[in-house]
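This report concerns only the one structure given below.
The values are calculated or read from the model by the stated rules, or taken from the named source; none is laboratory data. What you see is a predicted model, and the numbers here were worked out from it, not measured in a lab. Virtual Cβ from ideal backbone geometry, glycine too; neighbours counted across all protein chains shown.
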Amino acid sequence: MTTVEVPRISRSRATSASLRLSFLMFMADPQWLIPSMIAPVVFGLVAFELFRGSGPYYLTYAILGAGMMSMWGQTLYGSGWAIGQDREFGTLEPTVQSPTPYVYVVLGRVLWNVISGLIGGGIVYLVVLAAAGSPPAVPDPVGFVVLFVFVMLTLASVGILFSAAWVYTRYSGFIQNVGEFAFYVGTGCMFPVVLLPFWTNPIALIFPPTWALDALRYLAIPGYVGFGWGFWPDIAGAVATTAIYVAIASTVFKRVELHVLSKGDLSDY
C-alpha cells in the first residue's frame, strides 16, 4: 500500500476548521459555561474568603486554584468529548479515513479547550481581583503569564493522550466523572502536591501539569517550597513528560487510523 504525503496546508486547515467548529458547538451548548466559567468563579470566591488575610500570597493561591480548576475541567471533559462526539454522530470512521491524520482534527478541539480554559481563568482572575480590590503580588508578571500558558500546553498534552485512549473505551464519561476531582488534587491544581502523603508524589509526577504547576508556584510565590529540586528541574520535567505524552498519543492515533483503514470501522471498541 502506498502512502500519500498530506500537505501541511491540509493539516493546518483541518486543525483550524476543527477549532472553529468546536467554538460554534461550545456557543450552541451553554451547559459548558457551568463547569468551565461559572463553577471556578464560585470556588475562587470561596477560597478568597476562606484565606483572606492569611498572608501576602493568599490571593495568588486562590486565583491559581480556581483558575486551574476551570482549565483542567474543560480539558478533561472536552478531550473525552473530542472523540465521543464523532462516535455519537457516526462521523468517527469517515473522519479517520480522510487524507488528513485524525490527530490534527483532535488537536483543533483540544486547542479550543485550551483557549476556553484560558478565558475561564481570566474570568476567575478578574472576579477575585474585583473582590480583593488589588492585584496579587507576583514578582515576575511577564514570566508568570508565559509559564501560565505553558501550563495550559501541558494540560493540552494530557488532553490529546486522553482523546487517543478514549477510542478504546466506551466508558470515557464514567472515567471523566470519577477522575475530575482526583486530577484536581493529584496534579496540584487545588494545592501543592507536596502536601499530600509522600507515596502519592511518584504517581503525580507521571502527569506533566504536576511539574509545570510546581514551577509556576516557585515563580509566583517567593519562599515557596515544593519538590526539593527547584524551578528549572520542574521545567525540564514538564517539557520531557509533555513530549512523551504527545509521542504516545501520536502513536495511538496512527494505530487507530491503520485499524480503520484495514477493517473500515471501530465497532470492536
Selection within region 191-216 - outside any helix (DSSP H, G or I) and modelled with pLDDT under 85: PHE191, PRO192, LEU196, PRO197
Residue in region 210-217 that is within 16 Å of GLY143 (Cβ to Cβ) and loosely packed, with under 13 Cβ neighbours inside 10 Å present: no
Test result for VAL110, modelled with pLDDT under 80 and under 20 Å from PHE183 (Cα atoms): yes
Residue that is surrounded by the fewest Cβ atoms within 10 Å (Cβ to Cβ) [pool: residues in region 122-163 that are free of Cβ contacts under 8 Å to residues at least 40 places away in the same chain and under 18 Å from TYR218 (Cα atoms)]: VAL142
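Does at least one position in region 140-150 carry a residue that is modelled with pLDDT under 75, more than 16 Å from the chain's Cα centre (by Cα) and of a type in the set (Gly, Ala, Ser)?
No: region 140-150 contains no residue that is modelled with pLDDT under 75, more than 16 Å from the chain's Cα centre (by Cα) and of a type in the set (Gly, Ala, Ser).
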Pick from region 246-269, criterion β-branched (Val, Ile, Thr) and at pLDDT below 80, ranking: nearest to VAL105 (Cα to Cα): VAL256
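Does LEU33 satisfy being within 20 Å of the chain's Cα centre (by Cα), modelled with pLDDT of 80 or more, surrounded by 13 or more Cβ atoms within 10 Å (Cβ to Cβ) and under 24 Å from MET68 (Cβ atoms)?
Judged against the criteria, LEU33 is not a match.
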Failed item, numbered, when THR2 is tested on (1) modelled with pLDDT under 80; (2) under 19 Å from the mean Cα position of the chain (by Cα); (3) of a type in the set (S, T, N, Q): (2)
